[in-house]
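Student: Attaching a single structure in structure tokens format; questions to follow.
The values are calculated or read from the model by the stated rules, or taken from the named source; none is laboratory data. Given the structure is predicted, the values throughout are model-derived calculations rather than measurements. In this analysis, Cβ positions are derived from the backbone assuming ideal geometry, glycine residues included, and neighbour counts consider all displayed protein chains. Heads up: the accessible areas ignore ligands, DNA and RNA and are worked out on the full protein's heavy atoms, side chains in. Shrake-Rupley method; radii C 1.70, N 1.55, O 1.52, S 1.80 Å.
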Amino acid sequence: MALTAMTLGVNAQQKMYLTIGGVTKSVTLVNNSATQELVLRLQSAPITVTLNSSGGFEIWGALGFSLTTSNEQVNAQPGDIMLYNGSNLCMFYGTNSWSYTRLGHIDGLSESELRTFLHAGESNISVMLSINNGTTAIHGISTVKRVSDEFIGLNGVGAKNPIRGIYIKDGRKIVK
């Protein structure tokens, strides 16, 4: 059976997240076989790769596995993420023309911000790829019965006689 976006649960606006040095940025992925396979791997666990600067326009390195390629001559721009030779990840802070498989684009950073985020000119850059931006899910809710007559503000702080705002009292929303 062929892998498709539907069988993998990948949508056209799938996001991936890059974390470098504790800073996380989002990537909008394109929809192709390589990104579908990558998302499938990331659904199990984040992947950490070590990348190095090269040529004054990119950081790149081995993924440690291969993805299906759909190479084409591409003019890579700052922020583009490409697959090279099926198993190498390239992240651009400059421009280059070569045969790549497009994976996605880092969202919302200028060329200068990309150089900083991608640690341009450095070696041994640890990059974590994930499909979770670090937030956690709520797995359960428990309630605590309050015995006082306090109003609880949206910030979670109690107040005896609130003047203005939105509060919760006895499980109901109160607007003052």
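Student: May I ask you to list the residues in region 57-92 that are over 13 Å from H105 (Cα atoms), small (G, A, S) and assigned to a strand (DSSP E or B)?
Tutor: G61, A62, listed by residue number.
Student: Another question, then. Would a scan of region 40-50 turn up a residue that is farther than 21 Å from Q14 by Cβ, assigned to a strand (DSSP E or B) and hydroxyl-bearing (S, T, Y)? Quick ask: steps written out before the conclusion?
Tutor: Of all residues in region 40-50, those farther than 21 Å from Q14 by Cβ come to 50.
Right, trim to assigned to a strand (DSSP E or B) and you get 50.
Next, only the ones that are hydroxyl-bearing (S, T, Y) stay: 50.
Looking through region 40-50, at least one residue is farther than 21 Å from Q14 by Cβ, assigned to a strand (DSSP E or B) and hydroxyl-bearing (S, T, Y).
Student: Would you please list the contacts, defined by Cβ atoms under 6 Å and residues six or more apart or on different chains, that run from a residue in region 164-176 that is modelled with pLDDT under 80 and assigned to a strand (DSSP E or B) to a residue that is small (G, A, S) and open to solvent by less than 70 Å² (accessible area, probe 1.4 Å)?
Tutor: Between residues of region 164-176 that are modelled with pLDDT under 80 and assigned to a strand (DSSP E or B) and residues that are small (G, A, S) and open to solvent by less than 70 Å² (accessible area, probe 1.4 Å), the close pairs are Y167/G153.
Student: Still on this structure, please answer the following. When W60 is evaluated against the numbered criteria (1) touching a residue at least 60 places away in the same chain (Cβ under 8 Å); (2) open to solvent by 60 Å² or more (accessible area, probe 1.4 Å), which criterion, by number, is the only one it fails?
Tutor: Failed condition: (1).
Student: Something else about it: For region 68-96, what are the residues that are among the polar types (S, T, N, Q) and either surrounded by 16 or more Cβ atoms within 10 Å (Cβ to Cβ) or farther than 12 Å from E58 by Cβ (or both)? Break it down stepwise before answering.
Tutor: Of all residues in region 68-96, those among the polar types (S, T, N, Q) come to 68-71, 73, 75, 77, 85, 87-88, 95-96.
Within region 68-96, T68, T69, S70, N71, Q73, N75, N85, S87, N88, N96 meet the criteria.
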